[in-house]
Each structure stands twice: as C-alpha cells, then as structure tokens.
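The values are calculated or read from the model by the stated rules, or taken from the named source; none is laboratory data. None of the values given here were measured: they were computed from a predicted structure. Counting neighbours? That spans all protein chains shown, and the Cβs are built from the backbone with ideal geometry, glycine included.
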Amino acid sequence: MSRIKEAFAHGKAFIPFITAGYPDLATTRAVVKAAQDNGADLIEIGIPFSDPTAEGPVIQTANVIALKGGVTTDQIFEFVRQLREKDHITVPMVFMTYANVVYSYHEGGDGDRNGSDGDDCGRFGFCRKCADVGIDGLILPDVPFEEKEEFQDACRAAGLDLISLIAPTSEERIAKIAADADGFIYVVSSLGVTGVRTKITTDIGAITRKIRSVTDVPCAVGFGISTPEQAAAMAAQSDGAIVGSAIIRMITEYGKDAASEVGRYVKRMKDALR
C-alpha cells in the first residue's frame, strides 16, 4: 500500500491545498506544519505556474505573487526536503502543477529543455527529484487521461502516484480512468475552475459508485468546498474532501500570521469528517 492510500485507511481524509511560496516559503512552511498538527491527512502543495488553467482568481493570484517573489521549482524541492528532514512532516504530500513545469524541469536552472529526459531534467528527472525529497504523488490537471502515459511511466519509475482526475463531464470515461488510477482519485465537484461555491449540485454519489465498481482506489472530492458542512456532505459520498481556495483566501487575509488561523480551520474541517 502506498503512503497515499494509507492516508485514507483510518476514516475520511481531509486534504488542504497550499501554494508554495505564497506569500513566501516561510509562511508556507508554517501553514504546512499547522495543517499536519491539526489533522490534515495528506497535503497538496502547488508549484506556481504562470498559466494555471484549472485555477480560479484566488489561486491564480497566489501563483502570480509567488512567482514575482522569485520562488523556483528547485527551491520548492529543497523546501519539501526540509519539511521532511527538519520539520518532521510525515503525512503524504503531493505536488499539484502543470505539464510544462515537469517537461521544462532542469535541476539547478530554469528554462525549457525541450522535454529532454536526461538524468537531471524532463519528466524522469522531475519525478526522481520528487521521490528524493519526499513527495508521494503528482497531480497534473492539464494532462488528459489519453495523454497520461508519458507522465505515468516517469512517475512509476520513481515510485510516485500520478493522481487521476474525474470530472462531471467524464461520463462514460469514468470507469476507464478509475481502473487505471494510482494513489487516490481526485473527483472534481463542479465544472469550471477552482473557487469557493455556495452550493455543489453535482451527483457525487453517482460518480463514486461508478468508480467503486471498478477499483478500490480511494477518491476525494475537490473544487468549491469551503465549509465543514460541505466537506462532510462530500466526504459522506466519497473517501475525503480537498480544500484549496478557502485556505488561500485565509493566507491572503492574514499573511505571514496565517498559520494559526489555517490550523484552526483544518481542525474544524477534519472534525466535520470524523
């Protein structure tokens, strides 16, 4: 069993999303520690990207500010290593980013390397580095199921789980996507981009029943969840809940003092799932 699956082995999982480097890596570090200390079962860390197509305005803005602050992929790798080695972060962690970040990765330098897969660059170099620093999985929302193989082979070679996404529009593809999933399945609750929603109308139960008919890989629901009541409702029909925009809004409001507020929020959300 992968460490990601273990995160779902003791009840409903709560998964916070945090943009690395927003507003700076010191704040991200404090928020990650507060999230683990208050019950987060798995932590999703966003590597900032200049064109985050799946993200709403809240997380888009966080990406822009983090990048303007100078955060780099290599800095984020070293940041995760320190979380593991010095801060005793033991819960599974996954990166959420975009295909170009993976393709263009070159250790110790920026810029596109034309998708080269040499020892220190491209898909295989990126995934090896993830495993080396303590990352457990990878979420690439701009890679469709039909194109995932070129990333999946790099992930599996490094021992990472490539997390599959299933959306309300997946329909007849749900079973196919689920049958090939690793780690956990990210169920997208709503059409459009990330962001807080007052009401989630998608029939999550119907989606999860299709998933469970072909796999025992756990599934967690994200996009639009912000309240304990929403989290409990979504987790009741799945194996967990993912929250991003509500946490980033909190970091925007409280800045470098956000960790304690995020910690209290994570505790409320986790308590709602118990």
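Inspect region 87-105 for any residue being assigned to a strand (DSSP E or B), among the small types (G, A, S) and either closer than 25 Å to Q152 by Cα or at pLDDT below 95 (or both) and give the result as yes or no.
Narrowing region 87-105 to residues assigned to a strand (DSSP E or B): 93-96.
The next check asks that each one be among the small types (G, A, S); those that pass are none.
Checked region 87-105: no residue is assigned to a strand (DSSP E or B), among the small types (G, A, S) and either closer than 25 Å to Q152 by Cα or at pLDDT below 95 (or both).
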Problem - Close pairs (6 angstrom Cβ cut-off, 6 or more residues apart or separate chains): under 15 Å from N38 (Cβ atoms) in region 251-270, among the aromatic types (F, W, Y) anywhere - result: E261/Y254; M269/F14; K270/F14
Fill in the blank from the handout: In region 223-234, anything surrounded by fewer than 23 Cβ atoms within 10 Å (Cβ to Cβ) and either over 20 Å from the mean Cα position of the chain (by Cα) or in a helix (DSSP H, G or I) (or both) is listed as P228, E229, A232, A233
Practice task
Could you run through region 160-178 and say how many residues are touching a residue at least 24 places away in the same chain (Cβ under 8 Å) and either closer than 23 Å to P48 by Cα or in a strand (DSSP E or B) (or both)?
Solution key: 7
Handout entry: All positions within region 1-41 that are of a type in the set (F, W, Y) and under 24 Å from M234 (Cα atoms)
Key = F8, F14, F17
Exercise for the section: Can you tell me which residue within region 1-33, out of those that are among the small types (G, A, S), closer than 23 Å to F184 by Cα and out of contact with any Pro (no Cβ under 6 Å at 6 or more places or on another chain), is surrounded by the fewest Cβ atoms within 10 Å (Cβ to Cβ)? Expected result: A9
Practice task
Kindly indicate whether any position in region 226-238 is of a type in the set (A, V, I, L, M, F, W, C), over 13 Å from I15 (Cα atoms), in contact with an Asp or Glu (Cβ under 7 Å, 6 or more places away or on another chain) and without any contact (Cβ under 8 Å) to a residue 60 or more places away in the chain.
Solution key: no
Completion exercise
Matching residues in region 127-184 (closer than 19 Å to R3 by Cα, of a type in the set (G, A, S) and surrounded by fewer than 18 Cβ atoms within 10 Å (Cβ to Cβ)) number 3
Handout entry: Long-range neighbours under 6 Å by Cβ, at least six apart or interchain, first residue of a type in the set (S, T, Y) within region 37-53, second not in a helix (DSSP H, G or I)
Key = T53/D142
Completion exercise
Scanning region 235-274 for residues that are closer than 26 Å to V188 by Cβ, assigned to a helix (DSSP H, G or I) and polar (S, T, N, Q) gives S245, T252
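Inspect all residues belonging to region 40-61 and state whether any of them is over 20 Å from D142 (Cβ atoms) and surrounded by fewer than 20 Cβ atoms within 10 Å (Cβ to Cβ).
no
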Fill in the blank from the handout: region 1-82: helices (runs of 4 or more DSSP H) wholly inside it with 3 or more residues that are within 14 Å of M93 (Cβ to Cβ) are 3-6, 25-37
Practice task
State all residues of region 187-222 that are part of a loop (DSSP other than H, G, I, E, B), at pLDDT 95 or above and among the aliphatic types (A, V, I, L, M); if no residue qualifies, say none.
Solution key: V214, V217
Exercise for the section: Might you let me know whether region 249-256 holds any residue that is buried (at least 23 other Cβ atoms within 10 Å of the Cβ) and within 17 Å of A26 (Cβ to Cβ)? Expected result: yes
